[in-house]
Each structure stands twice: as structure tokens, then as C-alpha cells.
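The values are calculated or read from the model by the stated rules, or taken from the named source; none is laboratory data. All values reported here derive from a predicted model rather than from experimental measurement. Here Cβ is always computed from backbone atoms with ideal geometry, including for glycine, and neighbour counts include all displayed protein chains.
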Amino acid sequence: MDFFTLLRENKRKIYLLVLLSVIISTAYAILSLSLDNDTIIQEMPIQVETFTIKAKTITKKVNSIATVQYKDKAIISSKIFGRVENIFVEQGKQVRKGQLLAKIETYALELQLKEATAELKKAQANLRLAEEKLLQAKRNVEQRLKAIAKSRLELTDKYVTLQNTEDILRKKEKLFKAGGVTETELNTLRTHYHTVKTQFLQAKKDYETLIVGFRDSDIVKAGFTKPQDESKTNELFTLINTAMEQAECDAAKSQVEQAKTQIDIIKTNINEASIKSPIDGIVAGRSIDIGEKVSEDTNLFVIINTSKVYCISQLNEIDLISIQPGQKVEITIDALHKTYSGKVEIISPVIDQTSRTADVKIICSNIDNSLKPGMFARVSINVQTIPDAICIPATSLKESDSSSVFIIKNTMAFEKKVTIKERMNEEVLVEGLQEGDIIANSQIKLLYDKAKVKPILKTN
């Protein structure tokens with residue numbers, strides 16, 4: 001069999017072999033081309049923007065909204081009944097503490113003052129009379145004490161005389177029995193004895209009458225203990241025996257004090273008729289007119305002090321932990337396009353159970369009165385200052401692992417774990433990096449550990 005005959009018989013098999021050879025060659029060529037492209041892609045560096053870390057001092061802040069309110073407010077009311085005589089200020093006027101705002105008529109009060117003054121003079125005259133009676137009573141007690149002392153001496157003397165006379169009479173009676181004395185002489189002596197005895201008994205009776213009110217029993221009855229010292233005893237006797245005059249004197253003094261008190265009340269009411277401002281501020285409201293009758297507790301004026309104002313913000317309980325009195329606050333008033341400085345002054349000790357917030361009062365100077373009560377404000381409270389803080393852009397964190405960044409060294413990116421301390425808007429406070437480190441800040445999705453990169457340096 002020649003070649004051509006063999007070719008004709010195996011023609012179909014030859015076609016299949018040729019086709020298979022072409023397919024294999026083509027597949028090999030495509031595979032080789034694909035592998036070459038991947039190698040080229042892997043070897044091409046990724047262009048990334050970089051961020052050079054610099055340590056800096058940062059201030060942590062708590063931001064909130066607030067409402068401007070007055071610091072001091074005084075609602076001035078009338079303390080007396082009367083007719084408004086004069087009004088000296090109008091709404092919106094600036095006033096000083098103690099400035100006269102209005103005057104209430106005092107004619108009736110002035111008449112009452114004259115009457116009370118007359119009553120005082122009468123009471124003072126009664127007091128002088130009572131004091132004079134007390135003084136005279138004390139003199140009488142002094143004289144009585146002297147008379148008692150004299151009567152006691154006389155009684156003692158008469159008692160001695162009586163004892164002597166009685167002794168002589170007994171002796172004469174013995175002599176009479178012996179015949180040494182006549183009956184006439186004895187009778188004369190007996191008569192003298194009875195006279196002396198009568199004088200003694202009369203002196204004793206006079207003494208007992210004289211010491212009424214000056215006995216030890218009188219001291220005990222008055223509720224005192226008898227002193228050992230005679231001068232103290234005499235003082236007690238004086239006190240006991242002038243009690244009525246002393247009571248009259250005390251009553252007269254009470255009447256004088258009552259009259260003085262009444263005068264003070266009337267003078268106070270006359271003074272209260274001059275309505276004065278208790279604080280520096282602005283007249284926010286006037287509710288009276290001249291000629292109008294007012295009674296006690298009638299509201300007359302409202303004064304508010306706006307030289308300093310409160311910005312009152314409601315902060316949640318989490319933020320309250322870091323808030324302390326004295327912390328500096330930045331206050332922004334959008335309506336004025338201005339920023340003011342303030343500080344935390346009062347933190348409410350009570351948290352609202354519904355909103356879980358508490359009021360924080362921020363004091364702010366308002367000398368130019370540009371801040372009006374009721375204005376809306378935004379406040380930023382400086383709660384902590386951190387020196388040498390390491391902050392990176394939030395965009396430099398790996399999305400799949402937000403605690404990782406890529407440090408750029410030469411032309412390679414190395415993945416590194418960091419500790420996130422706090423997120424602050426577009427920045428993140430971290431630990432695990434140091435000043436001078438260069439990190440990737442773009443193409444984060446394309447980067448992987450030890451990836452080749454082409455850094456594009458940017459100024460921070």
C-alpha cells in the first residue's frame with residue numbers, strides 16, 4: 001500500500017490529531033500570556049498617599065446645645081398698701097442696685113408714726129415713774145433693814161435688863177423672908193420688874209412685826225436658798241420686798257419697747273414705700289401705673305441682670321462623668337456669628353429619669369448685652385488636655401480590621417496593629433505608633449502586608 005492510499009484511509013484520524021494539536025498549542029499560549037500579565041501586575045507598585053505622624057497636644061471636648069438665660073432675676077413686689085405716687089423708670093432701662101424705681105404714697109403712715117411717737121413718750125414717762133417707785137422701794141427696804149438691826153439690839157438690851165431685874169427680885173425676896181428688906185421696898189421692886197418685862201414683851205412684839213418679809217422663812221417661801229453671807233441675804237430681802245415695783249418697772253419697759261417696735265415697723269413701711277432695685281440689671285417688666293392702688297405682694301417690676309448670663313445645657317449622664325466646675329467652655333451663637341468664652345459653674349446633682357440628662361449651667365460675661373435670654377447656643381466644653389498625643393486620620397485605618405494601619409518603609413507597606421483610644425470626628429487617637437512613622441492614607445483596600453508601594457508624600 002502506497003502513502004497516498006494510506007492517507008486516504010486515515011484522513012479522518014489525521015484531521016482529529018491536527019485539530020487537537022492546535023487546541024493544545026493555543027491553550028498553552030493563552031496560559032503563558034496570563035501568567036506573564038499577573039507577574040507584571042504583581043510587580044507594579046501601588047501608589048499611596050502618606051501621612052507622617054507628629055505628636056501634638058489635643059483637647060477632648062463635649063459638644064452640646066444650650067439656651068441663654070439670665071443669671072439673676074428679681075421680681076419686685078409691694079410690701080405695703082397704698083397708691084402709686086411716682087414712677088421713675090420704664091421698661092428696658094438699665095438700673096443700678098439701690099436705684100429708686102417708684103414711690104408709694106405715705107401720708108397715712110406718717111400720721112401713724114406721729115401717733116406711735118406720742119405713745120412712746122407716754123410709755124417712757126411711765127417707765128421713769130416706775131423706776132422712781134422701784135428706787136424708793138429699795139430705799140425703804142434699806143431703812144427697814146436698819147430699823148430691824150436697831151430693834152434687834154434694843155430687844156437684846158431689854159432682855160438683858162429683864163434678866164437682871166428678875167435676878168435682883170429673887171434675891172430681894174430671899175432677903176425679905178430673912179427680914180432684910182421691907183415689904184414696901186419689895187413691892188416697889190416687883191412693880192419695876194413688871195414694867196421691865198412689859199417693855200421687853202412690847203419690844204419683842206415690835207421686832208416680830210418689823211421683820212415680816214425679812215425672815216429666813218420668807219426667803220425659802222420666795223423660792224431661794226438662804227445665803228451664809230449677810231450682804232447676800234440683804235440683797236435677797238431687797239429683791240423679795242421690791243418685787244411689785246420691779247414688776248411695774250418691767251411692764252413699763254415692755255411698753256416702751258413695744259412703742260419703739262411699732263415706730264420701727266412704721267418707719268420700715270415708710271422706707272418700703274420707696275421701691276428700689278435689689279440688683280443691677282435691666283427693667284424687664286413694669287406692671288403698675290401712677291395713681292394705681294397696690295396691696296401687699298402686688299408685683300411691680302421685674303429686673304434681670306444680664307451682665308453675666310447662663311448658658312444652660314442638658315448633658316447625658318455619660319458626658320457628665322467628665323464635667324467639672326471651672327472647666328473652660330467655647331460658646332457659639334449662630335444668630336450673632338460670634339464665639340464667647342465661659343466656664344462651667346453649676347452642675348445639677350439630679351439626673352432626669354426620662355431623658356437621662358442633667359442641667360449644666362455655664363457662666364458667660366455679657367458686658368455689651370449682646371447675649372439675650374432665650375437665644376440658641378452651641379457649647380463645646382474642654383474636658384481633658386492630652387499632651388504628646390498620637391492622632392491619625394480615620395481614613396488610614398483598614399476597613400476590614402479597624403485596628404490596623406500600614407506603615408510605609410522605603411517602597412513596602414507593613415501592616416501593624418494599633419490600639420484605638422478614642423475617635424474624634426475625622427481623627428483617631430491611637431497607641432502603638434510613634435512620632436515620625438509614615439503610614440498609608442489612601443488605597444487602603446488594595447494594600448496587604450509587605451505590598452510594594454509608591455509613596456506620594458503629602459504635607460500634613
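Just the residues that are assigned to a strand (DSSP E or B), buried (at least 17 other Cβ atoms within 10 Å of the Cβ) and not β-branched (Val, Ile, Thr), please, taken from the stretch 75-95. Matches in the stretch 75-95: Gly82 only. Screening Ile318 against (1) modelled with pLDDT of 90 or more; (2) of a type outside the set (D, E, K, R); (3) not in a loop (DSSP other than H, G, I, E, B) leaves a single unmet condition, (1).
Taken as a whole, the structure places Gly342 among residues that are of a type in the set (Gly, Ala, Ser), touching a Cys at 6+ places or on another chain (Cβ under 8 Å) and outside any helix (DSSP H, G or I).
Return yes when Gln112 is in a helix (DSSP H, G or I), more than 30 Å from Ile270 (Cα to Cα) and within 60 Å of the chain's Cα centre (by Cα) and no when it is not. Steps first, answer last, please.
On the way: in a helix (DSSP H, G or I): yes; more than 30 Å from Ile270 (Cα to Cα): no; within 60 Å of the chain's Cα centre (by Cα): yes.
Against the criterion (in a helix (DSSP H, G or I), more than 30 Å from Ile270 (Cα to Cα) and within 60 Å of the chain's Cα centre (by Cα)), Gln112 does not qualify.
Before we move on, is Ser396 more than 20 Å from Ser64 (Cβ to Cβ), of a type in the set (S, T, N, Q) and crowded, with 16+ Cβ neighbours inside 10 Å? Criteria met by Ser396. For Gly326, the conditions (1) under 30 Å from Ala130 (Cα atoms); (2) free of Cβ contacts under 8 Å to residues at least 24 places away in the same chain; (3) not hydroxyl-bearing (Ser, Thr, Tyr) all hold with the exception of (1). Suppose we filter the stretch 273-297 for residues that are over 34 Å from the mean Cα position of the chain (by Cα) and not in a strand (DSSP E or B); how many remain? Counting residues in the stretch 273-297 that are over 34 Å from the mean Cα position of the chain (by Cα) and not in a strand (DSSP E or B) gives 4.
Go through the stretch 362-388 residue by residue and tally those that are assigned to a strand (DSSP E or B) and crowded, with 19+ Cβ neighbours inside 10 Å. Write out each step before concluding.
In the first step, residues of the stretch 362-388 are kept if they are assigned to a strand (DSSP E or B); the result is 362-365, 376-388.
Add one more test, that the residue is crowded, with 19+ Cβ neighbours inside 10 Å, and what stays is 362, 364, 377, 379, 381.
The qualifying residues number 5.
As a summary of the residue check, Glu296 satisfies the conditions (1) loosely packed, with under 15 Cβ neighbours inside 10 Å; (2) at pLDDT 90 or above except for the one numbered (2). Only one entry in Tyr207, Tyr193 is of a type outside the set (Asp, Glu), in a helix (DSSP H, G or I) and without any contact (Cβ under 8 Å) to a residue 40 or more places away in the chain, namely Tyr193.
Looking at (1) within 26 Å of the chain's Cα centre (by Cα); (2) closer than 26 Å to Lys60 by Cβ, which is the only condition Lys308 fails? Exception for Lys308: condition (2).
Pairing residues of the stretch 410-434 that are in a strand (DSSP E or B) with residues that are aromatic (Phe, Trp, Tyr), at Cβ distances under 6 Å and at least 6 apart in sequence or on separate chains, gives Ala413/Phe406; Glu415/Phe406.
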